[in-house]
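Worksheet: the structure to be examined is printed underneath.
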Amino acid sequence: MAIHVKRVLVRLRKDFQLSIITLMGLFGVLGVSPYAVYRALHGNYLVSIADTVIVLSTVLAVIHAWRTGDTVKPGVCLAGIFSLCATLITINLGVNGLFWIYPLILFNFFMVSPPRALLATVLVVAAMSIYALLQPGTVFESRYQMLSFLVTALMASILTFIFAYRTQHQREQLHAWATRDPLTGARNRRVMNEELKIAVSTRRRHRTSAAVLLMDLDHFKQINDRFGHQAGDQVLVSLVERITLNIRDADRLFRFGGEEFLLLLNNTDEHGLLSAAGHLQADIAEHLKSPGGPVTVSMGGAVLRASETWESWLQRADQQLYHAKHAGRNCIRIDHSETLELA
Ligand SMILES: Nc1nc2c(ncn2[C@@H]2O[C@H](COP(=O)(O)OP(=O)(O)OP(=O)(O)O)[C@@H](O)[C@H]2O)c(=O)[nH]1
C-alpha cells in the first residue's frame, strides 16, 4: 500500500500535466457535483446536466490520463467540454454564471497550448456576447455590465496568454539545455544512457532488435591544431547536420564525447546497421569538409544481444570502433557475435 502511494506521488511530481488533470478531477467532483445536485433539486435541469457532464468528463479524463500516460487528448477534451458547459451555464444563470468564466480562462491555459486556450476563451466570450445582444437582459443586466465583462475577461485572457506563452518557452528552453549538446544540438550523454536502457528493456519485452553505431572523426586533432578550434567546431556541427539529414525519424543521435557520436537505431538488425553505416560513410566522405579538405569518419557498430546490459552493448561497439581506427580509419567494423548467437 505504502509503495503504491509512493508510486502515485512520484508520478504526480514528475508529470506536471497529469497532476493538473488530477487536481481538476478533484475540483470537478468536490466543487461542481454539489451544484449539479442543487440545480436538479431546484428544477434547473439544463444547468444540472451541464454540471454532471463536467464532473463525469473530468473523472473519465483523469482515468484515461493515469492509465495511458497521455495527457494531451484529455486536456483538449476537457477544455472543449468545460468551455461549452460554462457557456451554457452562464447563458442560463445570467450574472451568477459569469463568475465561472474567470476560473475557466485559467483552466484552459493549464489544459492546452496558449494559442488554443486563447481561441477557446474568445469563442466562449463571443458566444455569450452574441446571445446577450440577441436576447437583451438574459446574460447581462445592462450594456455597461456587458462591456465591463468583455474588458475584464479579455484582460485576464491576454495576461494569462502572455504568462503561459513565456512559461512554455522557458520550459522548452530548459528541456533543451538539459538534454542537448549546446554546440551541435545532438542529444547529450545523459539522455543517451536513458535511451539505451529503454532499448534494452524494449528488446527484452517485445523481442525487437536495436543497434548502435559509434562514429569518430579521423585525425580531428590535426584540424584543431592547423586551423583552430573554431574550424574544428564547425566540422562537428557539419557532421551532425549530415548525419541528421541521412537518418530516420526514429533514430537517435547523441554526442558521446569530444569528436565521438553515437547513433541508436531502433528496430534495426545487423543488415540494417551495415546498410545505414555504409550510407552515412559515403555521404560524409562526399560532403564533410574542413579548411584542409575532406574529413572522414571511422565507425564501430553492434546489434543488441538478447540478454545483455547497455554497458556491454556499448563496449562491443567501442571495440569495433577501435578496430576500425587500427584498420586505417575511414572504415566500418561491425560486431558479428549477435549473428553467431542467433545461428
Ligand atoms: N573544436 C573542438 N575540438 C574538440 C571538441 N571536443 C574535443 N575536441 C578535440 O578533439 C581532438 C581529439 O583528438 P584525438 O582523440 O587524438 O583524435 P583524432 O585526432 O581524431 O585521432 P583519431 O581519432 O585517432 O583519428 C582533441 O584535439 C580535442 O581537443 C570540441 O567540442 N570542439
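Bear in mind that the values in this text are calculations on the coordinates, not laboratory data. The shown structure was predicted, so the numbers you read here are calculated from the model rather than taken from an experiment. Neighbour counts run over all protein chains shown; Cβ positions are idealised from the backbone, glycine included.
With a ≥ b ≥ c the root eigenvalues of the C-alpha gyration tensor of the range 2-179, is it rounded (a/c under 1.5), prolate (a/b larger than b/c) or oblate?
Values: a/c = 2.89, a/b = 1.41, b/c = 2.05.
Note, shape of the range 2-179 comes out oblate.
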(request) Count the DSSP beta bridges whose two residues both fall in the range 189-342, then state the antiparallel fraction as a percent rounded to the nearest 5. (result) 90 percent
(message) If R₀ is 25 angstrom, what is the calculated FRET efficiency for the pair Tyr144 and Leu119, using the beta carbon separation as r and rounding to 0.05?
(response) 0.35
(request) Rounded to the nearest Å, what's the spacing between the alpha carbon centres of the range 303-323 and the range 1-46? Just the number, please. (result) 47 Å
(message) Cross-link candidates for Lys14: which aspartates and glutamates have Cα within less than 15 Å, leaving aside residues fewer than 8 places away along the same chain?
(response) Asp70
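For the chain, what does -39500 (n - 2.57) per DSSP helix run (n ≥ 4), summed and divided by total residues, give at 222 nm, in deg cm²/dmol to the nearest 500? Please report the intermediate quantities before stating the final value.
On the way: 15 runs with 238 residues, N = 343.
The helix contribution divided over the chain gives -23000 deg cm²/dmol.
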(message) Given contacts defined as C-alpha pairs under 8 Å and at least six residues apart, what's the relative contact order of the chain, whole-number percent?
(response) 12 percent
(message) Full-extension gain between His4 and Ala282, please, as 0.36 nm times their residue separation minus the C-alpha to C-alpha distance.
(response) 94.8 nm
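With contacts defined as alpha carbon pairs under 8 Å and 6 or more residues apart, what's the relative contact order of the range 189-342 in percent? Kindly include the intermediate steps, with their values, before the conclusion.
On the way: 257 pairs, mean separation 45.1, N = 154.
Contact order relative to length: 29 percent.
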(request) For the range 260-296 and the range 172-197, write down the distance between their C-alpha centroids in whole Å. (result) 21 Å
(request) Would you mind telling me which residue in Tyr102, Tyr165, Tyr144 has the biggest mean-square fluctuation in a Gaussian network model of the chain, where springs connect alpha carbons within a distance under 10 angstrom? (result) Tyr144
(message) Looking at the chain as a GNM with Cα springs under 10 Å, which of Phe82, Phe107, Phe16 has the largest mean-square fluctuation?
(response) Phe16
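Relative contact order for the range 53-169 using alpha-carbon pairs under 8 Å, separation at least 6, rounded to a whole percent?
26 percent
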(message) Give the lysines whose C-alpha is closer than 17 Å to that of Lys289, dropping any in the same chain fewer than 8 places away, or say none.
(response) Lys221
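Roughly speaking, what is the stretch gain from Gln230 to Arg329, that is 0.36 nm per residue apart minus the C-alpha to C-alpha distance, in nm to one decimal?
33.3 nm
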(request) Pick out which of Ile332, Ile130, Ile247 has the largest mean-square fluctuation in a Gaussian network model of the chain, springs linking Cα atoms closer than 10 Å. (result) Ile130
(message) If you average the C-alpha positions of the range 202-249 and of the range 59-127 separately, how far apart do those two centres end up, in angstrom?
(response) 45 Å
